[in-house]
1. Quick one: helix 75-84 against the long Cα principal axis of the chain, what's the angle to the nearest 10°, folded into 0 to 90?
2. Among THR19, THR55, rank each residue by its count of other Cβ atoms within 10 Å, from fewest to most, as a rough exposure measure.
3. Given a Förster radius of 22 Å and the C-beta distance between ASP120 and VAL100 as r, what FRET efficiency does 1/(1 + (r/R0)^6) yield to the nearest 0.05?
4. For ALA41 and ALA146, FRET efficiency with R0 = 30 Å and r from the beta-carbon atoms, rounded to 0.05?
5. Would you kindly state how much longer the chain becomes between ALA83 and LYS16 on full extension, computed as 0.36 nm times their sequence separation minus their alpha carbon distance, in nm to one decimal?
6. Roughly what % antiparallel, to the nearest 5, for the DSSP beta bridges in the chain?
7. Please identify the trypsin sites (Lys or Arg not before Pro) of the stretch 67-136 that satisfy two criteria: DSSP loop assignment and at most 16 other Cβ atoms within 10 Å. Which are they?
8. Lone cysteines in the chain, going by a 4.7 Å Cβ-Cβ cut-off?
Amino acid sequence: MFEARERLLLDAMLGKLATYLRMCGYDAAYALDRDAEADDAALALAVSEDRLLLTRDEHLANRAPESVLLRERDVTDQLRELAAAGLDLELPAEPTRCGVCNGPVERVESSARTPEYAPDAGDERVWRCADCGQHFWKGSHWDAVAATLDGL
């Protein structure tokens with residue numbers, strides 16, 4: 001059902017799931033980030049960007065050319081549904097997408113300065129989103145997501 005690292009669009013009810021999928025390396029656009037909360041806007045975006053629509057809205061799923069209808073509310077249960085449907089849910093060796101905005105991330109040079117909230121790039125691997133500038137590293141959040149995915 002799913003192609004490797006497919007381009008996805010998550011409707012307005014799936015914001016937390018978008019973060020998990022981005023961490024797994026998927027190009028996972030979130031409808032609210034793209035001003036596509038209304039059904040017609042979400043459908044138009046999915047079609048124009050050739051994205052598979054993930055939704056909890058049965059009516060919306062039926063209108064989309066390609067969609068996956070999720071029944072569960074809890075994000076871990078949604079991940080289970082996606083895994084059962086054939087979506088590869090593993091963290092890559094290094095982050096590739098920004099969990100905040102979905103932009104591509106790039107490794108920060110060890111000599112580069114990092115913001116106060118991030119570790120020193122000379123002490124730990126750090127990545128920066130090319131679009132929004134957010135910095136990422138494999139800390140406790142990465143470990144928690146890995147544990148969640150391992151438990152599916």
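No lab work stands behind these numbers, since they all come straight from the coordinates. Here the structure is a predicted model, which means the values were calculated and not measured. Glycine gets a Cβ as well: all are built from the backbone with ideal geometry, and neighbour counts include every protein chain shown.
1. So the helix axis and the longest Cα principal axis differ by about 70 degrees.
2. On the way: THR19 21, THR55 25.
Ordered from fewest to most neighbouring Cβ atoms within 10 Å, THR19, THR55 come out as THR19, THR55.
3. 0.55
4. E(calc), rounded to 0.05, equals 0.30.
5. Values: separation 67, 0.36 × 67 = 24.12 nm, distance 1.62 nm.
Gain in length upon complete extension: 22.5 nm.
6. Numbers: 6 of 16 bridges.
Given both bridge residues lie in the chain, the antiparallel proportion sits at roughly 40 percent.
7. Here the sparse-neighbourhood loop sites are ARG71, ARG73, ARG113, ARG125.
8. So far as the 4.7 Å Cβ criterion goes, CYS24 stand without a partner in the chain.
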